[in-house]
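Since every read-out is calculated from the coordinates, none of them should be taken as a lab result. Just so it is clear, the structure is predicted and the values come from calculations on it, not from any experiment. Because the Cβ atoms are built from the backbone with ideal geometry, glycine has one as well, and the counts that use them run over all protein chains shown.
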Amino acid sequence: MFSRRQKHILLKFFSLFSVIRGYNILIIIIAQYLTAIYILAYDKPLKEVVFDVNLFMLVLASSVTIAGGYIINSFYDSEKDLINRPYKSQLDRLVSQNTKLSFYFVLNFSAVVMASYVSFRAVIFFSAYIFAIWFYSHKLKKLPFIGNLTSAVLAITPFFAIFIYYKNFETVIFVHATFLFLIISMRELTKDLENIKGDLVQSYHTIPVVYGERASKFMLTILTLLTLIPSYLVLYKFEIGDMNWFFYICIFLLIVFLMLLWRSKTKTHYLILHNILKFIIVSGVFSIVLIDVDLMLSNIL
């Protein structure tokens with residue numbers, strides 16, 4: 001049996017894990033490696049990609065930067081989260097704000113050190129990324145449109161680091177990136193609808209607070225229709241093997257999303273919509289392994 005002290009330490013560990021959203025970071029690590037192996041460096045041997053120390057450092061730097069981002073975001077949103085996520089907020093508060101901030105600075109310093117192993121340009125990139133995350137949490141998050149756009153851009157930035165490293169500028173990569181950007185933008189706006197109560201109380205000027213739920217639903221409808229464009233291009237203009245099935249399923253889920261959206265009125269309804277989009281993102285990560293690398297190689301030879 002655990003002693004009281006051991007239980008206390010264990011609870012603090014889970015609290016910190018909850019704050020940095022360790023499960024999300026694990027997905028991002030897997031996504032970066034799969035993206036490198038199957039999309040950005042598909043023409044390179046598997047061992048060369050997996051055991052590339054520079055790639056490893058870029059992935060680690062991305063991970064700790066994102067973990068720091070979750071901490072500073074939690075710091076600024078602590079009052080709002082008490083309203084929107086009371087149970088998670090109680091767990092997160094087991095670790096003091098001073099401890100969180102200390103860990104935040106340690107993580108950011110570690111990210112810069114890791115980036116320095118790759119190149120000075122990587123140091124500049126991650127320093128700018130760290131600043132952008134702080135500025136978003138401090139100022140931009142409360143602004144309509146700008147906050148949503150910035151959040152979506154910051155979410156795909158770790159993949160941009162890998163993209164720059166491999167210097168792969170094929171059109172299909174930009175199409176995949178556009179699809180991901182649109183899905184993340186939809187998720188951010190759906191989260192705003194889900195959290196409208198806390199945002200209203202804390203004077204966050206999100207799209208639902210400023211323009212209302214109906215206008216937000218119209219915007220989500222437009223984003224959903226725009227998402228169908230890269231889906232169509234991937235399915236009918238490029239050869240990606242069995243990953244086609246992922247995009248067919250996505251189209252079906254997006255239709256379901258739209259049908260449910262216009263019937264949604266409560267936080268629970270918006271949470272369901274949010275989970276549909278999270279499922280698309282997570283399943284998309286693991287669907288990368290369905291890409292037929294040999295087929296893609298034959299197209300460039």
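Per-residue ellipticity at 222 nm computed for the chain from its helices equals -26500 deg cm²/dmol, with DSSP H segments shorter than 4 residues left out and the rest contributing -39,500 (n - 2.57). What the Cα atoms of the chain give is an Rg and a Dmax of 20.1, 64 Å. Checked against a 27 Å cut-off, the cross-linked pairs K142/K267; K100/K267; K80/K217; K142/K217; K7/K197 give Cα-Cα distances beyond that limit for K100/K267; K7/K197.
Backbone amide hydrogens, once placed in the peptide plane, bring K139 within less than 5 Å of nothing, excluding anything fewer than 5 places away on its chain.
Which residue, S15, S119, S127, tops the fluctuation ranking in a GNM of the chain built on C-alpha contacts under 10 Å? Taking springs between Cα atoms under 10 Å, the residue moving most is S119. For the stretch 169-301, the Cα gyration tensor yields ellipsoid semi-axes of 33, 14, 12 Å (square root of five times each eigenvalue, largest first, whole Å). The phi torsions of the stretch 136-141, fed into the Karplus equation with coefficients 6.51, -1.76 and 1.60 and a -60° offset, translate into couplings of 5, 5, 7, 10, 5, 4 Hz, rounded to whole numbers, with Gly and Pro shown as x.
In order along the stretch 16-24, phi translates into HN-Hα couplings of 5, 4, 5, 5, 7, 6, x, 5, 5 Hz, rounded to whole numbers, per the Karplus curve 6.51 cos²θ - 1.76 cosθ + 1.60 with θ = phi - 60° and x for Gly and Pro. A simple charge model with +1 on the Cβ of Lys and Arg, -1 on the Cβ of Asp and Glu and nothing else charged puts the dipole of the stretch 1-140 at about 560 debye relative to its Cα centre. Scanning residues 5 or more positions from D292 or on other chains, those with amide H under 5 Å from its amide H are G241, D242, M243, with H placed 1.01 Å from N in the peptide plane.
On alpha-carbon atoms, Rg over Rh for the stretch 1-140 using Kirkwood Rh?
Working: Rg = 17.3 Å, Rh = 16.6 Å.
Result for the stretch 1-140 is an Rg/Rh of 1.04.
What number does the stretch 104-234 give for Rg over Rh if you use C-alpha atoms and the Kirkwood radius?
Numbers: Rg = 17.1 Å, Rh = 16.5 Å.
Rounded to two decimals, Rg/Rh equals 1.04.
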